[in-house]
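Asker: I have a structure I would like to understand better, so I am pasting it below and will then ask my questions one at a time.
The values are calculated or read from the model by the stated rules, or taken from the named source; none is laboratory data. In this text the structure is predicted, and so the values were computed from the model without any measurement. In this analysis, Cβ positions are derived from the backbone assuming ideal geometry, glycine residues included, and neighbour counts consider all displayed protein chains.
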Amino acid sequence: MKTAMKKIALGTLATLFTLSAQSETYSFSVEIDSRLGEQPLGSTVTQPMNYPVLGVTDATKIGSYCLADGGSNTSGFDRAASNESNSLCPNLKPDFFKVQFSGVKGAVLNIDYSLLVQEKGGFRFAYYNGNQYVGQTTTQLSTTDGTVEYRMLSRVTLIDKTQVTDGLLDFTFDITAAYQ
């Protein structure tokens, strides 16, 4: 009988605690000023990648290259003064690629880039160091004018004289940018 009394007493206590519980729902408002799409991300090529006519003679050595990095190709691939045998563009200054992104001042920008090694017509197109260049970088648009510049450097290297002919060779690279 004592066990039955204890169960009744515990049941009564649980009922007392339940009767004293309270629940409230509170609400508030947040005003949103959506400016999405008002200032899209823009891009303008400020300097296209531009190589001079690349010269290949019987004296031009395999491994000679022309570098589009802002310099003037004053030394050849063998570190000697550039000439027709060790450079595809002795003492010339090819233009590297520059693009200017514009958008919301101070916005963070993700830039994906891909310059894969490409071989055509006896030449190899690659990043300025001779390798592929693939990855991502994060930068911020200027807080003053909402712009930022991105550069792509490259080089063209002679790899096989037996495939060289006159004409144009087309190479590609990709740059994608988006607001973070």
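Asker: Taking the condition under 18 Å from Gly42 (Cβ atoms), within 13 Å of the chain's Cα centre (by Cα) and either modelled with pLDDT of 95 or more or of a type in the set (Phe, Trp, Tyr) (or both), does Tyr150 pass?
Answerer: Here the answer is yes, as Tyr150 does meet what is asked.
Asker: Filter the range 60-89 down to the residues that are among the hydroxyl-bearing types (Ser, Thr, Tyr) and free of Cβ contacts under 8 Å to residues at least 40 places away in the same chain and list them by number.
Answerer: Ser72, Thr74, Ser75, Ser82, Ser85, Ser87
Asker: Further question on the same structure: Just the residues that are among the small types (Gly, Ala, Ser), more than 13 Å from Gly167 (Cα to Cα) and within 32 Å of the chain's Cα centre (by Cα), please, taken from the range 46-63.
Answerer: Gly63
Asker: On to the next question. Would you check if Leu109 is within 19 Å of Leu67 (Cβ to Cβ), surrounded by 14 or more Cβ atoms within 10 Å (Cβ to Cβ) and either in contact (Cβ under 8 Å) with a residue 40 or more places away in the chain or charged (D, E, K, R) (or both)?
Answerer: No.
Asker: Testing Leu67 on (1) within 31 Å of the chain's Cα centre (by Cα); (2) over 23 Å from Leu169 (Cα atoms), one condition comes back false. Which one is that?
Answerer: The failed condition is (2).
Asker: Also, I was wondering about something else. Those residues that are touching a strand residue (DSSP E or B) at 6+ places or on another chain (Cβ under 9 Å) and in a loop (DSSP other than H, G, I, E, B), I need them from the range 116-130; list them, please.
Answerer: Leu116, Val117, Gly122, Tyr127, Tyr128, Asn129, Gly130
Asker: Pull out all pairs, ordered by first then second residue, where Cβ-Cβ is under 6 Å, the residues are six or more apart or on different chains, the first lies in the range 30-59 and is among the small types (Gly, Ala, Ser), and the second is modelled with pLDDT of 90 or more and surrounded by 14 or more Cβ atoms within 10 Å (Cβ to Cβ).
Answerer: Gly42/Ser102; Ser43/Val99; Ser43/Phe101; Ala59/Glu84; Ala59/Ser85
Asker: Restricting to the range 138-180, give me the number of residues that are in a loop (DSSP other than H, G, I, E, B), of a type in the set (A, V, I, L, M, F, W, C) and touching a Phe, Trp or Tyr at 6+ places or on another chain (Cβ under 9 Å).
Answerer: Within the range 138-180, residues that are in a loop (DSSP other than H, G, I, E, B), of a type in the set (A, V, I, L, M, F, W, C) and touching a Phe, Trp or Tyr at 6+ places or on another chain (Cβ under 9 Å) number 7.
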